[in-house]
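The values are calculated or read from the model by the stated rules, or taken from the named source; none is laboratory data. Not measured: the values here are computed from a predicted model. In this analysis, Cβ positions are derived from the backbone assuming ideal geometry, glycine residues included, and neighbour counts consider all displayed protein chains.
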Amino acid sequence: MDDSVTALVRTDGPVFTVHGAWAQNIDAQEDYVDFIGDKGGIRLQYGGDFTLFTVENGTFVKYVPEVPEVKETNMFEMEINSFIRCIRTGEKLPSHIDTAVKTSQIMQAIYDSAEQHREIVLT
């Protein structure tokens with residue numbers, strides 16, 4: 001049974017890595033996404049703020065922009081409210097089946113790559 005994953009996913013645009021584990025064996029819960037570029041990077045905290053990292057005048061700098069607080073800070077409540085809004089307006093949720101299918105294809109390709117010890121190309 002798999003308990004962790006590391007994957008490199010290339011697209012026509014960005015390349016991203018995925019690191020995850022069932023048990024992270026760390027002191028604090030961390031839910032974030034890192035966006036790393038050649039001019040800087042951003043760490044986006046799930047349900048929170050973000051931090052920008054870059055280099056200016058040869059020195060590493062870190063910016064933590066002040067973002068006005070969201071009235072709804074309970075992320076689960078925000079997701080439920082988003083679902084209700086989509087029902088009322090007809091807009092698609094980010095978790096729409098079209099997205100879920102693509103996500104499942106990528107996940108299957110990661111498993112296939114590990115099993116076959118080679119890159120898997122999706123079209």
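Taking only the range 18-77 into account, find how many residues are within 25 Å of ILE110 (Cβ to Cβ), of a type in the set (Gly, Ala, Ser) and in contact (Cβ under 8 Å) with a residue 12 or more places away in the chain.
Number satisfying all stated conditions: 4.
Counting residues that are exposed (fewer than 12 other Cβ atoms within 10 Å of the Cβ), which strands (runs of 3 or more DSSP E) fully inside the range 7-123 reach at least 3?
Correct list: 15-21, 59-63.
All but one of (1) under 21 Å from the mean Cα position of the chain (by Cα); (2) under 21 Å from GLY13 (Cβ atoms); (3) modelled with pLDDT of 85 or more; (4) of a type outside the set (Val, Ile, Thr) hold for PRO94, so report the exception by its number.
Only one criterion is unmet by PRO94, namely (3).
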